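To keep things clear, I will list the structure first and then write my remarks on it.
The values are calculated or read from the model by the stated rules, or taken from the named source; none is laboratory data. All values reported here derive from a predicted model rather than from experimental measurement. In this analysis, Cβ positions are derived from the backbone assuming ideal geometry, glycine residues included, and neighbour counts consider all displayed protein chains.
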Amino acid sequence: MSQQSIEVSGDAYDSVSDRALHLFQMSRPIWWIHMLLPITFAVLYAADSLNQVFSVTSFWFLVYFSLPGNLYVYGMNDAFDVDTDQMNPRKLDEDTPSVMYKHDKINMALILLSGLLMASVVLLSTDPLVLVPLAILASAAILYNVPPIRLKAQPFIDSFITSTLLLPPIAAYAAIAGTLPPLAIIAGSWAWGMGYHIIGAIEDIEPDREAGLTTTATFLGRERAIAFFLALWLLAPALIALESLPAAALMSVFTVGLIYTLWSDRELKDLYLAIPFINIAVFGVVIIGGVLKHV
């Protein structure tokens, strides 16, 4: 992907379809599964009947957290990340699912509108267990990216707040079951999400330093960041094992992938790009278990 102009006018697109394609790419379609698969998992295990599985509530979560939800989360990130993206080879790599943001009012309006659409969940549920996680996610996308707060420039807080991407399946579970998932599952998944954030942050150390951005990875340095990353991915299945040994075994696939990557001295980018496919395999098995629960 060639580097594009950072500042562009409102007529930077040749057609509406060009703008639509750019926004679609900005939503990171390859990463949609990071929300859709856990949401599917949450719905299947929260539901007591097939009617709940195929309910309007389940449909809303799956539809919203495809294009709209991802455009909001990643669009906000891209809109305020230009200072680092313009000097980041990983963002410009054809093999990496990234896209340079184009500044104009229409793009920002559509990104914000996609975030506001999250509020439509009130048509389905007014349960605080559903509304509060989604409100936190909506706020986190702003607090993480927008100056002067910009929590992505606060070591350790940046990794912690990135795991708010796990809030949609938590809210979906609560919307179906009327209660939160087990605490051990939430804690283990949160630790895994923090570790996943650090994979990308390690690859971004040099451009982040050039842009004056202090992240967990730039603060720790590559070697200590990898150690912290490994500790989180060892902690994640250990916490989940408190609730479910089979689930912990599945989560351990990620840890094994990390250890193999480090042992074989391959680039962490290889693991970063492989994770969507690992997710498909792991959550595929889990989802089959959830389907069989209703047979």
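Of everything in the range 148-169, what is out of contact with any Gly (no Cβ under 9 Å at 6 or more places or on another chain), modelled with pLDDT under 95 and within 14 Å of Tyr196 (Cα to Cα)? Give them in sequence order.
Within the range 148-169, no residue meets the criteria.
Would you point out the residue of the range 118-132, among those that are loosely packed, with under 14 Cβ neighbours inside 10 Å and not hydroxyl-bearing (Ser, Thr, Tyr), that is nearest to Ala42 (Cα to Cα)?
Only one residue tops the list, namely Pro128.
Give the range 186-215 a look and list any residue that's at pLDDT below 90 and not in a helix (DSSP H, G or I), or say none.
Asp204, Ala211, Gly212, Leu213, listed by residue number.
If you take the residues in the range 216-230 that are more than 20 Å from the chain's Cα centre (by Cα) and of a type in the set (A, V, I, L, M), which one is modelled with the lowest pLDDT?
Here is the first cut: in the range 216-230, the residues more than 20 Å from the chain's Cα centre (by Cα) are 218-224, 227.
Within this subset, residues satisfying the condition of being of a type in the set (A, V, I, L, M) are 220, 227.
Numbers: Leu220: 96, Ala227: 92.
Only one residue fits best here, namely Ala227.
Out of everything in the range 4-39 that is exposed (fewer than 13 other Cβ atoms within 10 Å of the Cβ) and in a loop (DSSP other than H, G, I, E, B), what residue ends up being modelled with the highest pLDDT?
Of everything passing the filter in the range 4-39, Ser15 is modelled with the highest pLDDT.
Would you check if Tyr173 is touching a helix residue (DSSP H, G or I) at 6+ places or on another chain (Cβ under 9 Å), of a type in the set (Phe, Trp, Tyr) and modelled with pLDDT under 95?
So Tyr173 does not fit the description; no.
Looking at Leu213, Leu230, Leu250, can you tell me which residue is touching a residue at least 40 places away in the same chain (Cβ under 8 Å) and either surrounded by 14 or more Cβ atoms within 10 Å (Cβ to Cβ) or within 23 Å of Val285 (Cβ to Cβ) (or both)?
Values: Leu230 fails: touching a residue at least 40 places away in the same chain (Cβ under 8 Å); Leu250 fails: touching a residue at least 40 places away in the same chain (Cβ under 8 Å).
Result: Leu213 is the single residue among Leu213, Leu230, Leu250 that is touching a residue at least 40 places away in the same chain (Cβ under 8 Å) and either surrounded by 14 or more Cβ atoms within 10 Å (Cβ to Cβ) or within 23 Å of Val285 (Cβ to Cβ) (or both).
Only one of (1) of a type in the set (Gly, Ala, Ser); (2) crowded, with 18+ Cβ neighbours inside 10 Å; (3) at pLDDT below 90 fails for Ala47. Which number is that?
Failing condition for Ala47: (3).
Looking at Ile275, Ile259, Ile280, Ile287, which one is among the β-branched types (Val, Ile, Thr), assigned to a helix (DSSP H, G or I), in contact (Cβ under 8 Å) with a residue 60 or more places away in the chain and more than 18 Å from Leu44 (Cβ to Cβ)? Full working, then the answer.
Details: Ile259 fails: in contact (Cβ under 8 Å) with a residue 60 or more places away in the chain; Ile280 fails: more than 18 Å from Leu44 (Cβ to Cβ); Ile287 fails: more than 18 Å from Leu44 (Cβ to Cβ).
Answer to the check: Ile275.
So which residues in the range 54-76 are within 17 Å of Thr179 (Cβ to Cβ) and part of a helix (DSSP H, G or I)? So that I can check it myself, show each step before the final result.
Our first condition is that a residue be within 17 Å of Thr179 (Cβ to Cβ); within the range 54-76, this holds for 55, 57-58, 61.
Hits for the range 54-76 are Thr57, Ser58, Phe61.
In this structure, is Ala238 without any contact (Cβ under 8 Å) to a residue 24 or more places away in the chain and farther than 13 Å from Tyr196 by Cβ? Before the answer, list the steps.
Working: without any contact (Cβ under 8 Å) to a residue 24 or more places away in the chain: no; farther than 13 Å from Tyr196 by Cβ: yes.
No.
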